[in-house]
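Values quoted throughout were computed directly from the atomic coordinates according to the rules given, and no laboratory measurement underlies them. Please read all numbers here as calculations on a predicted model, not as lab measurements. A quick note on method: Cβ atoms are made from the backbone with ideal geometry, for glycine too, and the neighbour counts reach across all protein chains shown.
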Amino acid sequence: MNIQDFCYDGSKKFKIKEFDTKQTGGFENKTVVENYRDEHILRLQEYQEKLFAENKEGLLIIFQAMDAAGKDGAVKYVMSGVNPAGVSVYNFKVPSSEESEHDYLWRAMRVAPKRGMIAIFNRSYYEDVLVVKVHNLQLNAILPDRCKSAKIFDQRYKQIKNYEKHLYQNGFRIIKIFLNISKEEQKKQFLQRIDDPTKNWKFADGDIAERDYWDSYMDAYQDAINATATPETPWYVVPSDKKWFARELIAEIILKTLKDMNPHYPEVSEERVKILDEFRTKLLNEPENTK
């Protein structure tokens, strides 16, 4: 599988109506993909440990999607292979009163990853050029009138690109993933949540109302991706009608990025090696505890 087929770095336009959400990258079925799961987990563990130990770069993984596209499952899949001490997960919902008192990037900036860490955003500051754009929420936001012009979203695209460029130039990689699900598959997922009592809690009344704005959301995603995709901070559009394939592709994307980062365990100086050797000798020469 060539993950570059799903990568948008500004060199080509993302056209959402031409994207096949049912494609599976040449894999025949779920069973074939599951054979790779253990290997993914081991490799993620290895890279994450090296990233944490080296403490030089950080990684931000952003998940954006329509409801029921599989964001939570994707996050769970990623988390299954790493040490929780080196990973933080943040869910961005409707801004709190405190968050609304700041600029829209503030709540993301305050939880950006530290060096050596992986931060996962379940939704992100992109909501401010997606749901805000679809529903014109900027008109009622706590903003001066001069900031509510028709140019607000073009300005935000530039602000987001500059923020991500700033992160990249200061040692932080960014993976941006759009789980692209079809309207038909979303309907299927919603019906499962309604029919299965164990999944009733997942269903929110607002999910049905948002389906009425499907076309507007698709336009907003297409605009946001094309406006903010760069070689340093590309978007990956993941076909998500088949969740088993989506998770396989996401794992490959993350592993490729970590491989490109190429973290290493820190090397110690010769002087430090001598000190460690002295400690080793001391430990070996300790009298045995006979009690």
- [ ] Report the residue, chosen from 22, 242, 76, that carries the largest GNM mean-square fluctuation when the chain is represented by alpha-carbon nodes joined by springs under 10 Å.
- [x] 76
- [ ] Determine the shape class of region 21-135: with a ≥ b ≥ c the square roots of the Cα gyration tensor eigenvalues, call it rounded for a/c under 1.5, and otherwise prolate if a/b is greater than b/c, oblate otherwise.
- [x] oblate
Task: Taking 270, 54 and counting other C-beta atoms within 10 Å, the order from fewest to most - done: 270, 54
TODO: Take the Cα radius of gyration of the chain and divide it by 2.2 N^0.38 Å, with N its residue count; two decimals is plenty.
DONE: 1.17
TODO: Pull out a ≥ b ≥ c, the square roots of the eigenvalues of the alpha-carbon gyration tensor of region 47-196, then state rounded if a/c is under 1.5, prolate if not and a/b is larger than b/c, and oblate in the remaining case.
DONE: oblate
- [ ] Among 268, 66, 120, flag the residue with its Cα farthest along the positive direction of the charge dipole of the chain, charges on Cβ as +1 for Lys/Arg and -1 for Asp/Glu.
- [x] 66
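What 222 nm value per residue comes from the helices of the chain, counting each DSSP H run with n ≥ 4 as -39,500 (n - 2.57) and dividing by all residues, nearest 500 deg cm²/dmol?
Values: 12 runs with 132 residues, N = 291.
-13500 deg cm²/dmol, from helical runs alone.
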- [ ] For residue 135 paired with residue 105, estimate the spin-label separation in nm (one decimal), with each label point 7 Å from Cα along the Cα-to-Cβ line.
- [x] 2.4 nm
TODO: Compare 130, 276, 60 in a GNM of the chain, Cα atoms joined below 10 Å, and give the one with the largest fluctuation.
DONE: 276
TODO: Post the alpha-carbon centroid distance, region 85-159 to region 254-291, in whole angstrom.
DONE: 42 Å
- [ ] Using the Karplus curve 6.51 cos²θ - 1.76 cosθ + 1.60 with θ = phi - 60°, work out ³J(HN,Hα) for each residue of region 229-241 in order, rounded to whole Hz, and write x for Gly and Pro.
- [x] 7, 9, x, 7, 10, x, 9, 10, 9, 9, x, 10, 5
Task: Span from the region 162-186 Cα centroid across to the region 1-53 one, whole angstrom - done: 14 Å
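How high is the relative contact order of the chain, in percent, counting Cα pairs under 8 Å that sit 6 or more residues apart? Before the final figure, lay out the partial values.
Details: 363 pairs, mean separation 98.2, N = 291.
Across the chain, relative contact order equals 34 percent.
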Task: With Cα atoms, 0 to 90° folded angle of helix 152-169 axis to the chain main axis - done: 10 degrees
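Which shape class, rounded, prolate or oblate, goes with region 53-110 when its Cα gyration tensor gives a ≥ b ≥ c as root eigenvalues, a/c under 1.5 marks rounded, and past that a/b bigger than b/c marks prolate? Present the calculation step by step, with values, prior to reporting the outcome.
Numbers: a/c = 2.59, a/b = 1.26, b/c = 2.05.
It is oblate, given that a/c is not under 1.5 and a/b is not larger than b/c.
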